[in-house]
Amino acid sequence: MRSIDDLDVHGKRVLVRVDFNVPLTEDADGRPVLADDTRITAALVTIEELRARGARLVLVSHLGRPEGRFDPKLSMAPVAQRLRELTGAEVALAPGVVGAEVRALTEELREGEILVLENVRFEAGETSNDPELAHALAELADIYVNDAFGVAHRAHASTEGVAHLLPSAAGRLLEGEVRTLSGILESPAHPLVAIVGGAKVADKIAVIDRFMELAEVVIIGGAMCFPFLCAQGHAVGESLCCEEDTEHARRVLAQAANPHHASIELPVDLVIGDRLSEDAEHRVLDGVEVPQGWMGLDIGPATAQRYGREIARAGTVFWNGPMGAFELEPFAAGTRAVAEAVAQAKGLTVVGGGDSAAALARFGLEDTVDHLSTGGGATLELVEGRTLPGVQALEGAGVAGGV
Ligand code: ADP
Ligand code: MG
């Protein structure tokens with residue numbers, strides 16, 4: 001994969017696909033304002049490096065789901081405003097995504113100046129990867145840089161199509177994501193310990209499969225553990241658990257018996273509640289037989305201690321998915337204990353998943369991990385071993401070859 005080190009950007013118009021899909025709220029007058037600018041500040045590494053190297057920047061991103069139509073509530077205006085404050089640069093907002101008028105603005109850009117295109121999903125051709133839109137985007141620049149890892153698993157016009165039409169490379173964020181995640185899969189420091197939790201069991205079965213082959217230990221928590229416990233014949237009460245997931249779990253457990261595969265760690269105790277609520281009746285269950293009328297909502301203290309020991313002796317830790325319903329204080333202890341163990345681990349620590357990141361932030365530990373992946377679906381797909389179209393498109397030579 002080519003990086004911006006391989007490009008001579010001086011004086012060139014550089015189209016950067018960024019991830020400015022920030023959360024919005026409204027001000028007192030009902031105008032959209034940013035609820036959080038983490039994604040904008042994160043994008044500054046690449047933006048500032050390119051500006052310092054004399055690039056003329058054209059930034060493109062999606063924001064929300066306008067579904068191919070102009071929507072003033074999803075304009076990039078508040079993003080452009082925040083970027084102006086953060087960089088102190090000349091930042092202009094284009095009147096649209098593509099077209100003659102926008103192109104004229106790109107030609108007027110001077111070195112270090114920034115033009116923010118309107119929300120690329122105002123164009124219906126974005127998500128269908130329409131070649132016409134890709135060509136129109138390519139007309140706005142001399143070079144293409146993709147720094148939006150969160151959408152790298154989507155073949156859209158601004159993430160894939162355009163990459164084939166210009167000399168292209170990965171920005172610093174995307175490069176870091178791919179290097180770190182590929183690194184722990186291809187040459188991890190052993191033992192490699194994967195912790196998989198959360199609620200989206202079906203989405204994560206392929207991730208567990210991959211780590212069964214690559215890791216020494218796969219730790220299971222969150223709602224993920226109930227299909228496994230059910231497959232072992234335990235009662236799960238009202239816990240989240242369906243027959244299809246239990247079938248998957250049975251297959252994974254059979255793999256775990258193979259000495260070439262990882263061993264599986266499952267809870268030995270749980271915190272159970274009578275409902276999913278802050279004021280639920282709740283107690284620690286010694287063992288894993290969940291009584292009728294109760295649901296398992298967190299791993300128990302003995303389990304948290306065992307998981308902590310595995311994490312402490314790991315050479316590499318990959319964590320995706322909270323250990324329980326951590327948003328509710330009665331069910332947060334297991335996730336907190338695992339987050340603290342990951343924070344203190346001597347090995348390389350990599351965390352992925354929106355709710356896992358939110359859990360780290362809730363416990364004030366987001367700066368303690370080596371790599372906090374921003375990818376969501378893209379992170380899981382990369383870990384599963386799937387090819388990400390947005391990454392693959394950067395691997396070709398690019399039309400103009402070596403720039
Ligand atoms: P991530 O976003 O990190 O990939 P998921 O989206 O898969 O994680 O799952 C996060 C959600 O799982 C959280 O909202 C959490 O409350 C919920 N959860 C975790 N454990 C349980 C459980 N035992 N029962 C119900 N929900 C759970
Ligand atoms: Mg989630």
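Observations, loosely collected:
- All strands (runs of 3 or more DSSP E) inside segment 155-237 with 1 or more residues being more than 30 Å from GLU123 (Cβ to Cβ) and more than 20 Å from the chain's Cα centre (by Cα): 192-196, 217-220
- Close pairs from segment 353-364: first at positive phi, partner within 14 Å of ligand 2 (Cβ to nearest atom), Cβ under 6 Å, at least 6 apart: GLY353/ASN320; GLY353/GLY321
- Test for VAL201: is it at pLDDT 95 or above and in contact with a helix residue (DSSP H, G or I) (Cβ under 9 Å, 6 or more places away or on another chain): no
- Scanning segment 251-275 for residues being more than 16 Å from HIS234 (Cβ to Cβ) and not in a helix (DSSP H, G or I) gives a total of 10.
- Qualifying residue in segment 137-147 (condition: of a type in the set (Ser, Thr, Tyr) and under 13 Å from VAL16 (Cα atoms)): yes
- Residue ranges of strands (runs of 3 or more DSSP E) in segment 290-381 with at least 1 members away from ligand 2 (no atom under 16 Å from the Cβ) and surrounded by fewer than 22 Cβ atoms within 10 Å (Cβ to Cβ): 348-352
- For segment 240-271, filtered to residues that are over 27 Å from the mean Cα position of the chain (by Cα) and among the small types (Gly, Ala, Ser), the residue that is nearest to ligand 1 (Cβ to nearest atom) is ALA256.
- Condition check for LEU229: buried (at least 18 other Cβ atoms within 10 Å of the Cβ), of a type outside the set (Ser, Thr, Tyr) and away from ligand 1 (no atom under 16 Å from the Cβ): no
- Residue in segment 225-233 that is within 30 Å of LYS12 (Cα to Cα), modelled with pLDDT of 95 or more, away from ligand 2 (no atom under 16 Å from the Cβ) and touching a Ser or Thr at 6+ places or on another chain (Cβ under 6 Å) present: no
- Flag if ASP142 is within 30 Å of GLY352 (Cα to Cα) and in contact with a strand residue (DSSP E or B) (Cβ under 7 Å, 6 or more places away or on another chain): no
- Among residues of segment 326-361, those that are charged (D, E, K, R), at pLDDT 95 or above and within 11 Å of ligand 1 (Cβ to nearest atom), counted: 1
The values are calculated or read from the model by the stated rules, or taken from the named source; none is laboratory data. Note that the structure is a prediction, hence the values are computed from the model and not measured. Please note: Cβ atoms are built from the backbone with ideal geometry, for glycine as well, and neighbour counts cover all protein chains shown.
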